[in-house]
Structure formats: structure tokens, C-alpha cells
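FYI, it's all coordinate maths here, none of it is from the lab. No experiment lies behind these values; they were computed from the predicted model shown. Cβ: placed from backbone, ideal geometry, glycine included. Neighbour counts: every protein chain shown.
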Amino acid sequence: MDKPKVQLDVQVHWGDMDAMQHVNNIVYLKWVESTRLLLMEELMEKGTAGKVEISPILAWSDIKYIAPVTYPDTVRVTFDIVKIEEDRLHGQAHLYSNKLDRLVAISNNTLKAYNMKLLKKAPIPQRWVELLREHYGDSI
């Protein structure tokens, strides 16, 4: 994929570090969450969170830590959908350290379509598929 669907540059704060003298592991997941939210807002049309019938929700997430990040630094987080299924989207985030000039973590995520009125999962809306295929083409 040439251009990520969404990306976010995050400034590392002194308080992000822990007793091990590197950014605490949970902070990486918060960065992924913030970036994934950019995608969710795009799928739902910005400003409609909580107001639409079908919403994407996080069903599963993992992360592989590759290299420790320390203050000061800027981390670029990219998030892409890598596979579409009838009731879920598979996404992947890549976290890059500006200071280290390298990949520092990879996170895999599963998003499901959720019907907020019926309180149960739903098929992936056609509009989401169209928006994603518009960006990625037939690669997903």
C-alpha cells in the first residue's frame, strides 16, 4: 500500500515513559486507538459518532513491540484496512520512530460493524466497502 488510509504523528511526552526508561507498552495501544478513531470517523462521516445506526467497534487487538521508544521523539502511526469480510474489517497499524528512523511496533486489529439500536453485530455497510475500495482498489 502506497499511502496509508489514516496516519497520526504523536509527540512522545516525558510522562509516557515508565520505570524501564522507555514508553510504557499501553501508550503504544493508545496511539493506535487514536489513529484507528480517525478511520472510524471517516467511515461514519465525521461528527456522527453515537448518532448513526451502524458503527464500527473494536473486537480484537494485539501488538508486537519491536524497539523501545524514549522521550523526546515523534512517532508516526499509520492505520490501514488489510482485509474486508462480511461482518468485520481487519486493520493493521505501523508505528515508526522519527528519532530511531525505524519501525517500532505493529498492531493488528479487528473491527466489527455494530448496530447501535439493536445492540448486536451487523454486516459491514456497503458505504464502508466503497470508501475503502476507493482508497485501496482491489488490493483488499
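How far is helix 25-44 tilted off the main Cα axis of the chain, in degrees rounded to 10, range 0 to 90?
The angle comes out at about 30 degrees.
Could you give the C-alpha radius of gyration of the chain expressed as a fraction of 2.2 N^0.38 Å, taking N as the number of residues it contains?
1.11
With r as the distance between the Cβ atoms of residue 52 and residue 102 and R0 = 41 Å, compute the FRET efficiency 1/(1 + (r/R0)^6) and round to 0.05.
The formula returns an efficiency of 0.60 here.
What's the local net charge at residue 104, with K and R +1, D and E -1, over the other residues with C-beta under 14 Å away?
0
First check a/c for the stretch 1-65, with a ≥ b ≥ c the square roots of the eigenvalues of its C-alpha gyration tensor; if it is under 1.5, answer rounded, and if not, answer prolate when a/b is larger than b/c or oblate otherwise.
prolate
Using just the helices of the chain, give the 222 nm mean residue ellipticity in deg cm²/dmol: DSSP H runs with n ≥ 4 each add -39,500 (n - 2.57), and the total is spread over all residues, rounded to 500.
My calculation for the chain gives -7500 deg cm²/dmol from helical runs alone.
How far is helix 126-136 tilted off the main Cα axis of the chain, in degrees rounded to 10, range 0 to 90?
40
For the stretch 43-140, give the magnitude of the charge dipole about the Cα centre (Cβ charges: +1 Lys/Arg, -1 Asp/Glu; no others), in debye to the nearest 20.
280
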